[in-house]
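Below is one structure, written out as structure tokens, with a few remarks after it.
Throughout, read-outs are computed from the coordinates displayed, never taken from laboratory work. All figures in this text were calculated on a predicted structure; none of them were measured in a lab. Every residue, glycine as well, gets a Cβ built from its backbone with ideal geometry; the counts of neighbours run over all protein chains shown.
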Amino acid sequence: MRIFGINTCNFARHSPLQYVQPMDWDDLRYVLALARQGNLSRAASSLEVTRTTVGRRLGAMEARLGVRLFERTPDGFVPTVAGQDMREMAERVEADVHGLERRILGRDNHLAGKLRVSTVDILFGRFHDAFASFVERHPRVELNVSMSNALVSLTRREADVALRLTNDPPDHLVGRKVGDVHYAAYGNRALVHRIGADAPYDAFPWLHLDERENPRLLDRWLASNAPGARVVMRLDSSMAIREGIRAGIGVQLLPTCDGDADPNLVRVGPIQDDAHGLWLLTLPELKTATRVRAFMDHMGDALRTRLSESAGQP
């Protein structure tokens, strides 16, 4: 089988792996996902299949090839020499496939088809009307929006456009800075009234990110500003934290453009000096694609307007 110039049958003959049958891209996808993720559950999530399916496919491949591809260790699945050989080939095939996809999309002059957008839940929650107005304006474009705090790879076509809060966008991406997003701590109005609007940060119960969600920035902020703070609940997303604030469970930092817009919330303490840039980012070869350009133009205008409106709030 030939996949974008790579003859997998020849690979089977000349590789140290003695394949009984030629490999195909679907087999390689499973190996690559497991090598990157390190366990069955995360690999299954990235492939959008079940954990059992990944385990079954891996077992079938190893039985067919007569070689172990992964060592099962307490820390997860670690590729063997054969597994690493296959992973490297999978990465080459993936790069060819995604490179072709990017070139095709970059030449696409039609304002129709799928567009993958990556953002974080708190931004989608605040600016969902801008997404809605885009699809109303361009009904033939199907937006696939993924929301995750984890960085996505535009090179691997995990997204075509990323809407991100950052002061250091990656050098290999291009785009535009929409504006600055400022932060302040917020609490439910009744909670803040009960404890006191002028009370120190330490007097409030705090919400925090789950330890699996890389909460280092919040850890540092609390250590500097509220070293005696009592964390009463950890949650696994920014939107879950926001709902916890609204419910009166505790306080936490929110973008002022979001917190000030909610009449149930009040600020606890001043606006923070540090702001995060709000960026729309894509790959250089995609910046002229009709869908990408239309989305970035629309969202850039819409988000600038919303940020400027919120900047005038007290």
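Before moving on, here are some points about what is shown:
- Förster radius 22 Å - calculated FRET efficiency between N167 and A203, Cβ distance, rounded to 0.05: 0.10
- Between R36 and V78, residue separation times 0.36 nm minus the direct Cα-Cα distance comes to 14.2 nm.
- Inter-label distance for R92 and V174, nm, one decimal - labels placed 7 Å from Cα along Cα-to-Cβ: 3.0 nm
- Ranking G244, I271, H193 by Cα position along the charge dipole of segment 181-273, where only Lys, Arg, Asp and Glu carry charges on their C-beta atoms, puts H193 farthest toward the positive end.
- Here the gap between L111 and R189, fully extended at 0.36 nm per residue and compared with their Cα-Cα distance, gives a gain of 23.6 nm.
- Under 5 Å between amide hydrogens, built in the peptide plane, is the criterion, and for V251 it picks out W206, L207 among residues at least 5 positions away or on other chains.
- Using θ = phi - 60° and Karplus 6.51 cos²θ - 1.76 cosθ + 1.60, couplings along segment 50-66 (whole Hz; Gly, Pro as x): 8, 4, 4, 5, 4, x, 5, 5, 5, x, 5, 5, 5, 5, 5, 7, x
- Full extension of the segment from D121 to L217, taken as 0.36 nm per residue of separation minus the current Cα-Cα distance, would add 32.8 nm.
- Mean projected area of the convex hull spanned by the Cα atoms of segment 229-273, taken over all viewing directions: 3.5 nm².
- In units of the compact-protein estimate 2.2 N^0.38 Å, segment 181-273 shows a Cα radius of gyration of 0.96.
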